[in-house]
Amino acid sequence: MTRDPRVVTMNIDMSERRPSRRPPLTTVTGHTFGAIPPTALALLGIVSVQLGSALATHLFGAVGSFGTVALRLFFAAAVLTLMWRPSLRADRRTWTVVIGYGLTLGLMNLCFYQSLSRIPMGIAVTVEFLGPLGVAPAGSRRWLDACWALLAAGGVVLLTEGRGDLDPVGLLFALAAGACWGLYILVGAALGRHTTEGEGLAQGMAVAALVAVPFGAADSGTALVRPWVLIAGLGVAPLSSVVPYSLDLEALRKVPPRVFAILMSLEPAMAALIGLVVLRESLRWSQWLAVLCVVAASAGAARGAGGHSGHDGD
C-alpha cells in the first residue's frame, strides 16, 4: 500500500518542529566548552573555585563551614539539574561511578572548608595539593612529568616553610581533603568517560549535596534557611561549584588524569593570590618563590598536554 506523500511531509515537518530534549542553554554551553583547550578549562576552573571559596568564607560566621558547604552543593545541584535535566536511566557501572564521584566531592568539600576555617587559604590549598601531586606521576612513562611534579612539590614545601603556628587539626583536614582531591581526579576522569555532557555532573552533585546537607543542618540548624543566607548561598554556588566542576569534567575528558593533576599545581598559587587580595592574607618572599615554582610546573605540564592528550584507562 502506498502512503500519501502529504502525510509523510506533515510528519517530517512536525518532527522538525518538535523541541529537542536538550535545552538551548546547554547546547550553547556544550559547544563553548568543546571549543576551549583543556589547559584553559583547567585554569579557568582554578580561578573560579578559589575566588568562590574566598567569598564563601564570609558565610562562616552565620552558618559555619559545614553549613557553607551544604548551601554551595545544594544550590549547585539544583542549578545543574535544571540545566541538564539528567535521566535516571543508566547501567550499574555508570551509577557506581556517579555515586563514587558524588561521595568524593562531598567529603572533599567538607574537609576542605573545615581546614579553611582554621588555617589560611593559601596554606590549606597547598597542603591539599599533596593529593593531586600523588596522582600526577602515576602511570607516566615520561621522566619530564616526574620533574614537573617534583618542582611543584618544592613549591609546596616553600609555601608552608616557617609556619609553625598552624592549627594541626586544620592541617589534618587539609590532608584529608587532599586525599579526596586525588581520588576526585581519578573518579572525575571515569565520570567523563561513562557519561555525556553535564548529566553525570548533575547526578554526582546531587549525591554530594545529599552527603553535605545533613552535616550542615546538624551544625547550623535553622540558620541555613534565613533569607539572606539562602540568597548568599545561591550567589556563591555557581562560582565555587557549578562553573569549576563543569570545567574540570570537560578538561578530564580531553587529557589524562596525571596531566590534569599537574595542571592543578597552579591552584596553591592562585589560592595564595586570591587570599592576599580578597582575604588580606600576606605572604613572605619564600612563599612568593613557591608561587613561581608551581606556576612553572603548571606551564610545563600545559606544554606537554598537547602531545599527550589520550585518556588513561579505567
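The values are calculated or read from the model by the stated rules, or taken from the named source; none is laboratory data. Everything quoted here is computed from the prediction, not taken from an experiment. Note: ideal-geometry Cβ built from the backbone for every residue, glycine included; neighbour counts use all protein chains shown. The protein model used for the area step is the full one, side chains on, heavy atoms only, and it has no ligands, DNA or RNA in it. Shrake-Rupley method; radii C 1.70, N 1.55, O 1.52, S 1.80 Å.
Near A271: Cβ cut-off under 12 Å, other residues only, Lys/Arg at +1 and Asp/Glu at -1. The net charge is -3.
The simple spin-label model puts a point 7 Å past each Cα toward its Cβ; for V169 and R280 those points are separated by 2.6 nm.
For the stretch 58-141, the Cβ-based charge dipole about the Cα centre amounts to some 260 debye (Lys, Arg positive; Asp, Glu negative; other atoms uncharged). Note on L82 and H58: the model spin-label points, each 7 Å out from Cα along the C-beta direction, lie 2.2 nm apart.
Under 14 Å from the Cβ of G64, count the other residues' Cβ atoms, weight Lys and Arg +1, Asp and Glu -1, and hand me the total.
Numbers: positive: R72, R118, R226; negative: D219.
Counting the neighbours of G64, the net charge comes to +2.
Express the relative contact order of the stretch 176-285 as a whole percentage, based on alpha carbon pairs under 8 Å and six or more residues apart in sequence. Before the final figure, lay out the partial values.
Details: 38 pairs, mean separation 40.6, N = 110.
Relative contact order for the stretch 176-285 comes out at 37 percent.
Is any residue of the stretch 240-272 close enough, with backbone N under 16 Å, to a label point placed 7 angstrom from the Cα of R142 along the Cα-Cβ axis, and if so, which? Those under the cut-off are 254-265.
Using every Cα-Cα pair within the stretch 44-124, state what percent have a distance larger than 18 Å. So the portion of pairs separated by more than 18 Å is 51 percent.
Per residue, the accessible area of the stretch 136-278 comes to 40 Å² when a 1.4 Å probe rolls over the protein heavy atoms.
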